[in-house]
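Novice: Okay, handing you the structure first.
None of the figures in this text is laboratory data; all of them are computed from the coordinates on show. From a predicted model like this one, the values you see are computed outputs, not experimental measurements. Virtual Cβ from ideal backbone geometry, glycine too; neighbours counted across all protein chains shown.
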Amino acid sequence: MKIRSIALSSIAILLLSLSIQPSNAVKVPKPIKSFQDAVKRPKDVSYWAWKKSSALVLSSTEKSGELEVLVGPNTKLTNPNPKLALDAVKRLYPTFQHPQKTTAIYYTYKDIDWAQKNFSQLFSRSSGEDAKNSCQKVTECWGASGTIDDAGNGLILSAVMNGTSDPNHTYGTLEAHEYMHVLQIRSFFETPQQGQAMTGIKALRLGGSPKVVLLSHKMRQSTPSHFQSILKKDKLGRLFSSTIKRRDIQKSGYRIL
């Protein structure tokens, strides 16, 4: 049985297609009304994520807080107006705790040291390798991250490949995605849960059973070594295992949803 990963980041879909209406020739899929609908018809999820998100964004005129943009000396912005992406997220999630100010740091491979210096000045829990981790090579410099500082202000650290035409980096998809991480953490600001705000969903298969189990785990916590040995990835990078057992899940700190 193949494992299907259902992506719930509707903002990425929305920003790429807000101005592009579906072709009249395309048949509108049946609405997704339950989790079972999503499991049975995963191909229909993206359409309804786009459709409902678009309606929310287009029905509002709210704007996000102040955005300060810092650009490296050798860096050229591939998205000339990143504020539009943050505004779209504000309209999609108007009741979330949005920061009054967000600082976005853009850098290319030549500006890694510059980016790290600026990020470390704003983020007290910096690893010192944050900028390098998102820009490993000149040809692989496109990672990003979103978090908040000690005052609850938003921080976005974004690597840039000068001249790229990738729509994820030119239409605001990246900024919207990272700003959502800002909101995830901001919602638990100054609470014991702040460090656990960013979670990932992994779909795993129980050995000898076709049942799929969804597990929740903190993204920033490394997977225990005894559990890593039974995790594998398919060609699309989705995690799965053919031998995993319930006791292994519980020992590793994962929670069965």
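Novice: Please give me, ordered by residue number, the GluC sites (Glu not before Pro) of the stretch 96-202 that lie in loop per DSSP and have at most 14 other Cβ atoms within 10 Å. Don't skip to the answer; put the middle values down first.
Specialist: Numbers: sites: Glu129, Glu140, Glu175, Glu178, Glu190; in loops: Glu129, Glu190.
Passing sites in the stretch 96-202 are Glu129, Glu190.
Novice: Label the stretch 66-186 by shape, choosing from rounded, prolate and oblate, from the square roots a ≥ b ≥ c of the eigenvalues of the Cα gyration tensor; if a/c is under 1.5 it is rounded, and otherwise prolate applies when a/b is larger than b/c, oblate when it is not.
Specialist: Details: a/c = 2.01, a/b = 1.25, b/c = 1.60.
Oblate is the answer for the stretch 66-186, as a/c is 1.5 or above yet b/c matches or exceeds a/b.
Novice: To continue, here is another question. Compute the signed sum of charges (Lys and Arg +1, Asp and Glu -1) over the other residues within less than 13 Å, Cβ to Cβ, of Ser60. Please report the intermediate quantities before stating the final value.
Specialist: Numbers: positive: Lys63, Lys90, Arg91; negative: Glu62, Asp87.
My count for the surroundings of Ser60 gives +1.
Novice: When a footprinting reagent is the concern and you count Cβ atoms within 10 Å, what order do Thr102, Thr139, Thr95, Thr78 take, fewest first? Mind dumping the intermediate values first?
Specialist: Details: Thr102 27, Thr139 8, Thr95 5, Thr78 22.
Going from sparsest to densest Cβ surroundings: Thr95, Thr139, Thr78, Thr102.
Novice: Please list 36-44, 109-117 highest first by mean number of surrounding beta-carbon atoms within 10 Å per residue. Before the final figure, lay out the partial values.
Specialist: Values: 36-44: 12.7, 109-117: 19.0.
Put in order of decreasing packing, that is 109-117, 36-44.
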